1. Of all residues in the range 44-98 being exposed (fewer than 15 other Cβ atoms within 10 Å of the Cβ) and closer than 14 Å to residue 6 by Cα, which is nearest to the chain's Cα centre (by Cα)?
2. Residues being among the hydroxyl-bearing types (Ser, Thr, Tyr) and surrounded by 15 or more Cβ atoms within 10 Å (Cβ to Cβ): count how many of those fall in the range 109-124.
3. Out of all the residues in the range 51-74, is one or more in contact with a Lys or Arg (Cβ under 6 Å, 6 or more places away or on another chain), assigned to a helix (DSSP H, G or I) and within 22 Å of residue 133 (Cβ to Cβ)?
4. Mind checking which residues of the range 1-10 are out of contact with any Asp or Glu (no Cβ under 6 Å at 6 or more places or on another chain), outside any loop (DSSP other than H, G, I, E, B) and at pLDDT below 95?
Amino acid sequence: MKITTRARYSLRAMIDIALNEGSGPVPASGIAQRQRLSRSYLERILKQLVTAGLAKSKKGPGGGYTLTRVPDKISLEEIFRASGEELAAVPCIGKKCGDSCPLYKFCPARPLWSGLESTVERYLKQHSLAEFLKWES
């Protein structure tokens, strides 16, 4: 399974907001600079995080991004899903089930792929942004 750049950057943005929102909204320019990301690409990621209800934005002077919940109430799975990440190891388990293989309903390996997806999803649901911040300390 390959985690997309968008998912990795979404996680980095959420970590950055969590670490820096103590004095108010965190400007996108600061996140982009600290995380060494293109501001235009970061803005698209932040928009997805806002749409997903994980962050909120404030426009104007003193504006920026804040979390909508405390970090221990935001799962890593939510962050990955907000980025559009599919947790499926193979296409026939994901959203396009059946499009990639004519034998998907009868595939003898399907239980393996389905189990792997469930394991990854469960792991990400069990870990919150707060725990991840502790790992980074």
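1. For the range 44-98, the residue satisfying everything is 84.
2. If we filter the range 109-124 for residues that are among the hydroxyl-bearing types (Ser, Thr, Tyr), which is where we start, we get 114, 118-119, 123.
Narrowing the set further to residues that are surrounded by 15 or more Cβ atoms within 10 Å (Cβ to Cβ) leaves 114.
Of the residues in that region, 1 qualify.
3. no
4. 5, 6, 8
The values are calculated or read from the model by the stated rules, or taken from the named source; none is laboratory data. No experiment lies behind these values; they were computed from the predicted model shown. Neighbour counts are summed over all protein chains in view; Cβ atoms, including those assigned to glycine, are modelled from backbone coordinates with ideal geometry.
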